[in-house]
1. Can you tell me which condition residue A:123 does not meet? The list is (1) more than 8 Å from chain B (Cβ to nearest Cβ); (2) modelled with pLDDT under 90; (3) in a helix (DSSP H, G or I), and all the others hold.
2. Considering every residue within segment A:142-164, establish whether at least one is away from chain B (no Cβ under 11 Å), buried (at least 21 other Cβ atoms within 10 Å of the Cβ) and under 16 Å from residue B:236 (Cβ atoms).
3. Quick one: which helices (runs of 4 or more DSSP H) sit completely within segment B:21-134 and have at least 2 residues that are closer than 23 Å to residue B:199 by Cα?
4. Taking the criterion of being closer than 28 Å to residue A:145 by Cα, free of Cβ contacts under 8 Å to residues at least 24 places away in the same chain and away from chain B (no Cβ under 11 Å), would at least one residue in segment A:19-40 satisfy it?
5. Might you check whether a residue that is surrounded by 22 or more Cβ atoms within 10 Å (Cβ to Cβ), more than 14 Å from chain B (Cβ to nearest Cβ) and closer than 28 Å to residue A:180 by Cα occurs anywhere in segment A:56-67?
6. Can you tell me which of B:164, B:140, B:129 is modelled with pLDDT under 90 and within 21 Å of the chain's Cα centre (by Cα)?
7. Please verify whether residue B:89 is more than 14 Å from chain A (Cβ to nearest Cβ) and within 30 Å of residue B:238 (Cβ to Cβ), treating the condition exactly as stated.
């Protein structure tokens, strides 16, 4: 309990535009996967970026008594890792270099790099890429590129992993592989907050689901508590059925746009 | 799943082998550059044998008076200047391509060289100069100030408009056309004599080299390049996107601003003394990237060496194409650069 991550009165946006105005999330604990869901422009990615310190934010992001918003980017990167949606094309690097750079980019210039190499190899092994360590990034599949991103995120061994749509644009097999790696990392004691688009996937893999709409929290609880017909109507303006499939997991079927237009 | 120590050690050993191969490539590039430099010393209207040249380099007093003048006062300054200009422009290009995330970025394509040309033009055509600048330095100082100023302008845009790499590139292109138009305006109002001088300046010329200018350029490189090298890992991280680099703890905006400052120093010292030289800053980093990849610990030195080699080779070609005539080097680099550039573009097409 001492290590929980709490967010209090978080305000964030881009320039003069406020996207999130005063949002609080109670203790996210080690071992938990928290999924952020909601319609486009609900503020999911903004929230993630604010916690990561990538955009200006006010309020408190508290990790065991330390306000992460009040420390430097370099200091913060020891506690929090952020994984953007996808690795850009065109970087002429090998996999190992991409992961070493996550360590050495902020290290004092030309510091002892041998240990970095070893840590990077271990991180790649952890995500199941030990065969691809010396391959060029360009030769990897979409799923493997995403795994490189996860290796970059975990190589510093941060407490908190923030993942922006880790499974977007991946096929079923790759989604499954990425999510099992993420589950494993949670089981090792990481706190994981992931923006997810696919509600069924969020329901299947997360311990807690937070539904956002217009920068506010609509619902926060177990996937079954959050993903309900009423909440979906409110946030997405759709009439949807939420059903349990044979494995006991939730399935969402959107039937039609709902008549009422939510709260504008 | 736990990997044993031996397997890790094996992987790291293969990585070290790869780094060793890249180091070998750097040495090979160095050898190419030095060879081109030596051939550059041998090329010219009056014959100088390799043996004479070698002897002359290590014991200048053994040469005849004429040979001494040819080697040490005519060819050596131009040849050394070629190496240094190649290094400076290539490093500027490599930094720009990374921080602007654009393979077409270079001091030339983003208007810095044209800004220098405009500075030179107002010196040549209007006789305008900065106070307390000796007469024979007017043009160099003007070119320097405008090149430096134009890069600072890019920096200002980055700082105050919170500009992304893409809008910086667009601004650079706007600058390219603006300064080009201004240079043409100067040409239009110039006297016949000034026009000739200006056109000659914009073609780039190593003949203007002397030891003082070489000293300035060498000092600028020696003081700036170490900082370029120190930023290597940050630059490598930046290749994977702004946000990712930030999450690694890199202060991306600051990195971009400081890098543009280094670009300003490299470019303005280089073009101030030799005039407009295109394509080296664009092409040398591409060659380096093909040879050693984008680990910037290798990309930066490889770019510098490729730039030095290309400039020396261009200098040889500028003397060898028409016997007795030295073609302005800016023309030669463009002529070599264009086909190479097209090849790069089309190679990319095929792959995607």
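The values are calculated or read from the model by the stated rules, or taken from the named source; none is laboratory data. Everything numeric here is computed off the predicted structure, so don't read it as measured data. Counting neighbours? That spans all protein chains shown, and the Cβs are built from the backbone with ideal geometry, glycine included.
1. Just one mismatch for residue A:123, condition (2).
2. Among the residues of segment A:142-164, at least one is away from chain B (no Cβ under 11 Å), buried (at least 21 other Cβ atoms within 10 Å of the Cβ) and under 16 Å from residue B:236 (Cβ atoms), which makes the answer yes.
3. Fully inside segment B:21-134 and qualifying: B:76-99, B:112-126.
4. yes
5. yes
6. B:140
7. yes
Okay, residues lined up against (1) in a helix (DSSP H, G or I); (2) within 14 Å of chain A (Cβ to nearest Cβ); (3) surrounded by fewer than 20 Cβ atoms within 10 Å (Cβ to Cβ):
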| position | (1), (2), (3) |
| --- | --- |
| B:198 | yes, no, no |
| B:207 | yes, no, yes |
| B:217 | yes, no, no |
| B:226 | yes, yes, yes |
| B:245 | yes, yes, no |
| B:269 | yes, no, no |
